[in-house]
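*Asks:* Sharing a structure below in structure tokens format, with a few things to ask.
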Amino acid sequence: MTCSGLSLDELVELAEAEEARAVLCNQWENDPDVAERRQILAAAAPLVERQLDLVRARQETLAQFRRGPRGEAPGRARGERRARRAPQRAVM
């Protein structure tokens, strides 16, 4: 796992998908006909889906990191528990 939370293989895959997507975008901008647009969309869909899968996995890694080692909400993992105090009575 790299500092980004993705493995090196996943980072390479993400970069390759982005490069392929950029090529498809360039093809799209060359004003293709309807049949070519369908081919471009069909080729782009799995690339974008894989990129989204990798981003979602990274989001989950960040959420786990945020929850801390014991799965607690931020602030609570470091012993910053809020004490519940009973109301104090006035002494006369």
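*Asks:* Using the basic label-point model (7 angstrom from Cα toward the beta carbon), what is the R21 to E49 distance in nanometres?
*Replies:* Placing both labels 7 Å along Cα→Cβ, they lie 1.5 nm apart.
*Asks:* Let's see if you can work this out: charge +1 on each Lys and Arg Cβ, -1 on each Asp and Glu Cβ, no other charges. What is the dipole magnitude of region 8-67 about its Cα centre, in debye to the nearest 20? Mind showing how you got there, number by number?
*Replies:* Values: 8 positive and 13 negative charges, 90 e Å.
Using Cβ point charges on Lys, Arg, Asp and Glu, region 8-67 gives about 440 debye.
*Asks:* Still on this structure, please answer the following. Normalised radius of gyration for region 8-67, please: alpha carbon Rg relative to 2.2 N^0.38 Å, two decimal places.
*Replies:* 1.42
*Asks:* Now for a different question. Can you check what the net charge comes to around Q51, using other residues whose Cβ is under 13 Å from the Cβ of Q51 (Lys, Arg +1; Asp, Glu -1)? Write out the running numbers ahead of the final one.
*Replies:* Numbers: positive: R21, R50, R56, R58; negative: E10, E13, E16, E18, E19, E49, D53.
Within the 13 Å Cβ shell, the charges total -3.
*Asks:* Around D9, what is the net charge, scoring Lys/Arg as +1 and Asp/Glu as -1 over all other residues with Cβ under 13 Å from its Cβ? Intermediate results must be reported in sequence, preceding the final value.
*Replies:* Working: positive: R50; negative: E10, E13, E16.
Residues close to D9 contribute a combined charge of -2.
*Asks:* Give me the net charge of Q27's neighbourhood, meaning all other residues with Cβ under 11 Å from the Cβ of Q27; Lys, Arg count +1, Asp, Glu -1.
*Replies:* My count for the surroundings of Q27 gives -1.
Every read-out reported here was derived from the displayed coordinates using simple, explicitly stated rules and does not represent laboratory data. None of these values were measured; they are calculated from a predicted model. Reconstructed Cβ throughout: ideal geometry from the backbone, glycine too, with neighbour counts over all protein chains shown.
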